Amino acid sequence: MLFKSLEFKLMSGQKVKITDIPVLEEDNKYRFMLQIRLQKLITLIHAQRNPKTVYSFKDYLKKLLKWPDYEAIFGTSVLKNNA
């Protein structure tokens, strides 16, 4: 799975970086949900007085999503017999 990161400056001049943003295909059913969650995270960061400099989108989603949805997005296939 490919991940991207987003870096931007707040009005105060502080740089903020969001890492571990998954890149999904256009026909993936979770793509729209992830876009909305990313917008909510950015809004949440802008509303804070003293935000951190680095946020993990993957960790943010782990707290919000139900486990089957999280596993469908980030789950890796388990190999048989460690092959």
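Only the coordinates and a few stated rules stand behind these numbers; no lab work does. This one's a predicted model, so the numbers in the text were calculated from it and none came from an experiment. Cβ atoms come from the backbone with ideal geometry, glycine included; neighbour counts cover every protein chain shown.
Polar (S, T, N, Q) and under 14 Å from the mean Cα position of the chain (by Cα), is that true of Gln48? So Gln48 fails the test.
Of all residues in the range 4-29, those satisfying the criterion of being of a type in the set (Ser, Thr, Tyr) and without any contact (Cβ under 8 Å) to a residue 24 or more places away in the chain are Ser5, Ser12.
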